[in-house]
Amino acid sequence: THVMPEFRSEFPFLRARACWLFGQIASDDMDFFLMVPGMLISTLDGVLQCLNDGEFPVRVQAGVNMGHFLSNPSAREVVLPVLPQVLEQVCKMMDDVDNTEIVETIEIIVKRFSDQVVPYAV
């Protein structure tokens with residue numbers, strides 16, 4: 001509960017750090033988010049907001065950590081309605097920065113949403 005407000009911090013470093021922290025938790029213990037009702041949705045909303053942040057490092061951190069969340073079926077339900085925007089942002093980032101973790105996120109998106117990304121595979 002202390003970190004969630006940092007998704008809206010006035011300081012870009014804290015927004016990026018919130019994405020990083022929750023991404024680390026998601027990669028180690030996804031059950032953490034399921035202990036508190038609504039925590040997964042709130043956290044994913046924060047990461048999705050950071051994916052559209054005005055600061056490039058915040059967007060990159062959100063894009064890198066988005067992949068950690070997508071291993072959970074509950075996260076899939078939250079991301080599915082905004083999948084086109086997520087895919088567009090992550091692909092744009094891949095053009096802007098050479099980061100293997102961004103590529104891994106795209107690979108995870110393609111793996112988890114294979115049927116939904118077909119229209120964008122042009």
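See the values below:
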read-out: Selection count, segment 28-67, where residues are open to solvent by less than 60 Å² (accessible area, probe 1.4 Å) and either in contact with a helix residue (DSSP H, G or I) (Cβ under 9 Å, 6 or more places away or on another chain) or part of a helix (DSSP H, G or I) (or both); value: 23
read-out: Given (1) farther than 24 Å from S114 by Cα; (2) of a type in the set (D, E); (3) modelled with pLDDT under 90, index of the condition D53 fails; value: (3)
read-out: Some residue of segment 18-26 being open to solvent by 70 Å² or more (accessible area, probe 1.4 Å) and at pLDDT 90 or above; value: yes
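The values are calculated or read from the model by the stated rules, or taken from the named source; none is laboratory data. Just so it is clear, the structure is predicted and the values come from calculations on it, not from any experiment. Glycine also receives a Cβ, built like all others from the backbone with ideal geometry; neighbour counts cover every protein chain displayed. In case anyone asks, the SASA skips ligands and DNA or RNA and just uses the protein heavy atoms, side chains included. Shrake-Rupley method; radii C 1.70, N 1.55, O 1.52, S 1.80 Å.
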